[in-house]
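See structure below.
The values are calculated or read from the model by the stated rules, or taken from the named source; none is laboratory data. In this text, all values refer to a predicted model and were calculated from it rather than measured experimentally. Please note: Cβ atoms are built from the backbone with ideal geometry, for glycine as well, and neighbour counts cover all protein chains shown.
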Ligand SMILES: [Zn+2]
Ligand SMILES: [Zn+2]
């Protein structure tokens, strides 16, 4: 099971309702921060998660709306010593930009933690427990843009009732059986893994696609995902503009989800130029199981289903539709009045 918390869901610039791109992925005791737009650290606090165990950052690319938050996070870590090291995985251009940013932010500071800059290549980025995080290249403006697959291994559950009835003691013997090894019990009986392991169960698969210009080459990588998170910056009526800036329309995101046979699509990186209802309607015409992310929404992803997690602990499948953001005119009026 994976969890995902949307920290910032806006495209390019923040809006009143939406912060700049940042998403937290949780797996057991690990946390992965995917992108870190300006204001991310405050969103982390608002989400109730805090900074504990936040030591791994995965960047989709190096555009400023996705990385500027790292300066603030590093500054806070520097003061609070919240972590011993921060590992930043990114394409080489993005990584250089983050290095430059950190140099300015942390110049002259006596850094109490280590920052590791780790260049991304297509393939496995890291493995932890039964989870594998894989980077894959995507096309956007510039070079070194990546998406990420979070794939839990398939596994056979341990049938403890069966083990009890066979009189298998707790401890290392059971561990060996789970690891697929036959064991000999103290009374001389040999127990094979098949006697205590259930049917193979698929692990959770989640795919995260940040800014992206085209997705026809990503169907295979998204195939069968339980959750696809994908940018959705424009509507189909603005396809020419989407192409010009290397972005996607809601319809294209929906079509990708349909072609790849994913279970659930959540649209991200949305522009306040469109009413949320229109963005959703366009994607849902291609793929009905579509939701629109909002800042601080929290989801649990299981094999075959995605559930909303409420801060109080309850879950439901469908969040309420967000109300429209402020229009450009309203925002300008507010800025002018400030
Ligand atoms: Zn962006
Ligand atoms: Zn971008």
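Here is how the numbers come out for the structure above:
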| quantity | calculated |
| --- | --- |
| Considering residues of region 36-57 that are in contact with a helix residue (DSSP H, G or I) (Cβ under 8 Å, 6 or more places away or on another chain) and closer than 15 Å to residue 87 by Cβ only, the residue nearest to ligand 2 (Cβ to nearest atom) | 36 |
| Any hit, region 245-261, residues being in contact (Cβ under 8 Å) with a residue 60 or more places away in the chain, more than 16 Å from ligand 1 (Cβ to nearest atom) and surrounded by 24 or more Cβ atoms within 10 Å (Cβ to Cβ) | no |
| Hits in region 163-184 (condition: part of a helix (DSSP H, G or I) and either surrounded by 14 or more Cβ atoms within 10 Å (Cβ to Cβ) or more than 37 Å from the chain's Cα centre (by Cα) (or both)) | 163, 164, 165, 173, 174, 176, 177, 178 |
| Test: residue in region 121-136 that is within 16 Å of ligand 2 (Cβ to nearest atom), assigned to a loop (DSSP other than H, G, I, E, B), in contact with a strand residue (DSSP E or B) (Cβ under 9 Å, 6 or more places away or on another chain) and touching a residue at least 40 places away in the same chain (Cβ under 8 Å) | no |
| Any hit, region 66-87, residues being surrounded by 18 or more Cβ atoms within 10 Å (Cβ to Cβ) and within 18 Å of residue 149 (Cα to Cα) | no |
| Residue identified as in contact with a helix residue (DSSP H, G or I) (Cβ under 8 Å, 6 or more places away or on another chain), closer than 30 Å to residue 63 by Cβ, within 16 Å of ligand 2 (Cβ to nearest atom) and touching a residue at least 12 places away in the same chain (Cβ under 8 Å) among 219, 215, 207, 149 | 215 |
| Helices (runs of 4 or more DSSP H) wholly inside region 63-109 that include at least 1 residues being more than 21 Å from the chain's Cα centre (by Cα), within 16 Å of ligand 1 (Cβ to nearest atom) and closer than 19 Å to residue 135 by Cβ | 92-106 |
| Residue within region 185-196 that is buried (at least 23 other Cβ atoms within 10 Å of the Cβ) and either within 16 Å of ligand 1 (Cβ to nearest atom) or within 18 Å of the chain's Cα centre (by Cα) (or both) present | no |
| Count of residues meeting criterion [without any contact (Cβ under 8 Å) to a residue 60 or more places away in the chain and away from ligand 1 (no atom under 12 Å from the Cβ)] in region 7-35 | 5 |
| Residue in region 45-53 that is in the same structural domain as residue 142 (by TED's automatic domain parsing), at pLDDT 95 or above and on the phi < 0 side of the Ramachandran plot present | no |
| Failed item, numbered, when residue 60 is tested on (1) in contact with a helix residue (DSSP H, G or I) (Cβ under 8 Å, 6 or more places away or on another chain); (2) outside any strand (DSSP E or B); (3) away from ligand 2 (no atom under 14 Å from the Cβ) | (3) |
| Test set (1) assigned by TED's automatic domain parsing to the domain that holds residue 259; (2) more than 30 Å from residue 252 (Cα to Cα) - residue 138 fails condition number | (2) |
